[in-house]
Amino acid sequence: MRQISILGCGWLGLPLAKSLLEKSFQINGSTTSLEKISVLSQAGINAFQIELSEDKIKGDFETFLENSEILIIDIPPKLRGNHPENFVKKVETLIPFIEKSSVQKVVFISSTSVYTDDNSLITEETKPKPETESGKQLLEAENLLKVNSKFQTTVIRFGGLIGENRHPIHFLAGRKNIENPDAPINFIHQQDCIGVIECVIEKDIWSETFNAVSPFHPTRKDYYTQKAVELNLTIPEFEINKKSVGKTISSTKIETILNYTFQKSEL
């Protein structure tokens with residue numbers, strides 16, 4: 001039975017772990033929360049409490065990686081609030097442990113925030129020009145992993161993450177002067193996030209970078225207005241006097257190289 005370690009069993013990592021278990025993988029999963037250990041264990045996951053900081057790892061990280069061929073890194077940069085962290089340093093701290101372990105392949109969960117908003121069509125050939133601190137650190141972390149010759153890394157850059165209990169309309173409903181009404185949306189459903197990751201593993205596609213966004217790009221104004229109506233929420237109001245800026249993320253590469261068919265093509 002093949003074993004996979006998932007660093008970060010949160011909103012995406014936990015349902016991913018459950019799905020992989022159904023496909024007969026053995027799963028080691030990490031959480032920073034002691035309370036969540038029982039949740040993971042009850043799901044059949046070998047649970048570890050792991051806390052990663054800029055200069056050390058708290059928890060039995062060596063055992064967490066032991067006997068795993070694949071490591072999935074799904075930990076977002078924590079750059080907001082009063083105590084922002086250096087995400088790149090955290091990844092640098094991970095790497096020596098990965099090098100010494102049985103891990104041969106890494107899936108790194110990144111974001112399309114590594115690209116700039118210049119109203120262009122974005123493919124994997126587009127040179128990343130991150131504007132946010134999160135995008136900058138994700139790109140640097142990607143590169144640290146990709147250049148390492150001790151393991152192979154596939155990077156998946158997800159667009160905005162949505163799911164049954166996660167949708168931006170709940171935050172935007174009733175708000176006024178929302179910018180960029182004519183910019184396209186670039187979202188992906190949780191179900192397709194899991195599908196893309198599993199497709200990479202099943203097809204054994206490594207040392208690649210994929211943009212993972214549903215091929216559905218209505219304008220922000222049209223999309224959020226429709227969602228507000230569907231959910232009986234107050235329709236948000238948009239700033240129409242400023243030029244909209246955004247980008248359209250192409251999903252062609254995962255549809256061709258991975259032969260992936262989106263389960264939630266319209267969101």
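The values are calculated or read from the model by the stated rules, or taken from the named source; none is laboratory data. From a predicted model like this one, the values you see are computed outputs, not experimental measurements. We place every Cβ from the backbone using ideal geometry, glycine too, and count neighbours over all the protein chains shown.
Points worth noting:
- Considering segment 142-182, the residues that are assigned to a loop (DSSP other than H, G, I, E, B) and of a type in the set (Gly, Ala, Ser) include one that is farthest from the chain's Cα centre (by Cα), namely Gly174.
- Meets criteria (at pLDDT below 95, polar (S, T, N, Q) and touching a helix residue (DSSP H, G or I) at 6+ places or on another chain (Cβ under 9 Å)) for Asn82: no
- Top-ranked residue in segment 76-95 [being among the polar types (S, T, N, Q) and surrounded by 14 or more Cβ atoms within 10 Å (Cβ to Cβ); ranked as farthest from Ile6 (Cα to Cα)]: Asn86
- Residue within segment 25-34 that is small (Gly, Ala, Ser), outside any helix (DSSP H, G or I), touching a residue at least 24 places away in the same chain (Cβ under 8 Å) and surrounded by fewer than 22 Cβ atoms within 10 Å (Cβ to Cβ) present: no
- Candidates Phe48, Phe108, filtered to the one that is assigned to a strand (DSSP E or B) and more than 24 Å from Leu161 (Cα to Cα): Phe48
- Considering (1) touching a Gly at 6+ places or on another chain (Cβ under 6 Å); (2) assigned to a helix (DSSP H, G or I); (3) of a type outside the set (S, T, N, Q), the lone condition that Ile37 does not fulfil carries the number (1).
- Failed item, numbered, when Ile188 is tested on (1) under 24 Å from Val245 (Cβ atoms); (2) in a loop (DSSP other than H, G, I, E, B); (3) not aromatic (Phe, Trp, Tyr): (2)
- Within the option set Ile162, Ile98, being at pLDDT 95 or above, in contact with a His (Cβ under 8 Å, 6 or more places away or on another chain) and crowded, with 17+ Cβ neighbours inside 10 Å holds for one residue only, Ile162.
- Residues of segment 1-24 satisfying the condition of being charged (D, E, K, R) and either touching a Lys or Arg at 6+ places or on another chain (Cβ under 6 Å) or without any contact (Cβ under 8 Å) to a residue 24 or more places away in the chain (or both): Glu22
- Segment 196-216: number of residues that are buried (at least 21 other Cβ atoms within 10 Å of the Cβ) and of a type outside the set (A, V, I, L, M, F, W, C): 2
- Near pairs, Cβ below 6 angstrom, 6+ apart or cross-chain, from segment 237-252 (of a type in the set (Asp, Glu)) to any residue that is surrounded by fewer than 19 Cβ atoms within 10 Å (Cβ to Cβ) and in a loop (DSSP other than H, G, I, E, B): Glu237/Lys176; Glu239/Asn177; Glu239/Glu179
- Taking the listed residues Glu140, Glu124, the one that is of a type in the set (Asp, Glu), free of Cβ contacts under 8 Å to residues at least 60 places away in the same chain and more than 21 Å from Gly13 (Cβ to Cβ) is Glu140, with no other qualifying.
- Qualifying residues in segment 214-233 (those that are outside any helix (DSSP H, G or I) and of a type outside the set (Phe, Trp, Tyr)) - the one farthest from the chain's Cα centre (by Cα): Asn232
- Some residue of segment 107-116 being of a type outside the set (Val, Ile, Thr) and surrounded by fewer than 18 Cβ atoms within 10 Å (Cβ to Cβ): no
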